[in-house]
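Please read the structure below before turning to the comments.
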Amino acid sequence: MSGTKGDDDISLRRVDDKTVELTVNGETKTFNNVKAAKIDGKKGDDNVTLDPNLGINLDVRGGKGGDTISAVRDGVDAGDQDGGFKSFASGGKKPHVRIAGGQGDDEITSDLDYAKLLGGGGSDTIDNAGNDAKVRGGRGNDFLINHGIRADIRGGRGDDLVVNDGLGSTVRGNAGKDSVINDDPAARINGGRGDDVVQDNTGTAQVRSAAVVDDI
Ligand SMILES: [Ca+2]
Ligand SMILES: [Ca+2]
């Protein structure tokens with residue numbers, strides 16, 4: 001589905017094993033046996049809320065404007081510790097999830113495992129808690145927070161700030177004056193081009209192409 005040129009409020013929620021519910025600007029529709037969803041907020045500052053238990057392939061684009069896209073557990077479903085993926089529509093396979101903020105200063109928050117989170121142009125904030133995620137700040141001065149295990153994080157161009165405590169993650173600052181605050185003892189950190197600073201609070205992270213400062 002596509003949003004409008006204005007500021008859209010879009011949410012996609014799983015109702016039961018068969019049914020998902022799409023609400024766009026207050027109007028709700030239900031769909032059965034959905035295997036994939038494509039959401040494009042288009043222009044405007046869009047707000048997209050995704051149920052982390054959708055278990056379907058997702059291609060979400062914020063488009064132009066400062067968009068807020070979130071796929072987070074609200075803590076109600078505490079028994080679900082498998083990253084939110086059920087076998088609903090995907091036959092037990094891990095869904096393919098891509099969330100792209102597009103242009104503008106976007107905010108992406110995700111608990112989805114194996115998700116690809118792309119900030120795109122603009123100074124984006126990406127907060128990831130899913131495992132095996134790929135996090136890309138893209139251009140602009142991005143703020144990337146990672147709690148997920150084995151994340152692959154790249155700041156892209158611009159002066160990025162990365163805060164990482166996801167175990168076994170890889171952080172690349174890429175071009176620009178990047179700062180990394182690290183609490184992952186098994187992290188591999190590469191500042192890339194520019195004067196980069198890594199505050200490694202573990203003392204065991206592998207750090208390249210950056211000045212290392214101790215815990216202060
Ligand atoms: Ca955007
Ligand atoms: Ca960016």
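What follows draws every value from the coordinates through simple rules; no lab data is involved. Computed from a prediction, not measured in an experiment: that's the story for all the values here. Glycine also receives a Cβ, built like all others from the backbone with ideal geometry; neighbour counts cover every protein chain displayed.
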Subject >> Fewest-first ranking of E107, E27, using other Cβ atoms within 10 Å as the exposure measure >> reply: E27, E107
Subject >> Euclidean distance between Cα centres, the range 4-18 to the range 41-73, Å >> reply: 8 Å
**OP:** Could you rank the peptides 96-102, 202-208 by their average count of other C-beta atoms within 10 Å per residue, with the highest value first?
**Re:** 96-102, 202-208
**OP:** For each of L118, L112, count neighbouring Cβ atoms within 10 Å of the residue's Cβ, then give the residues from fewest to most.
**Re:** L118, L112
**OP:** Return a single number: how many Lys pairs in the chain, at a sequence separation of 8 or more or on separate chains, have alpha-carbon atoms below 14 angstrom apart.
**Re:** 14
Original post:
If one computes the Cα centroid of the range 118-139 and of the range 153-190, what distance in Å separates the two points?
Top reply: 11 Å
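I'd like to know how the chain sits against the 2.2 N^0.38 Å rule of thumb: what's its Cα Rg over that expected value?
Values: Rg = 17.7 Å, N = 216, 2.2 N^0.38 = 17.0 Å.
After normalising by residue count via 2.2 N^0.38 Å, the value is 1.04.
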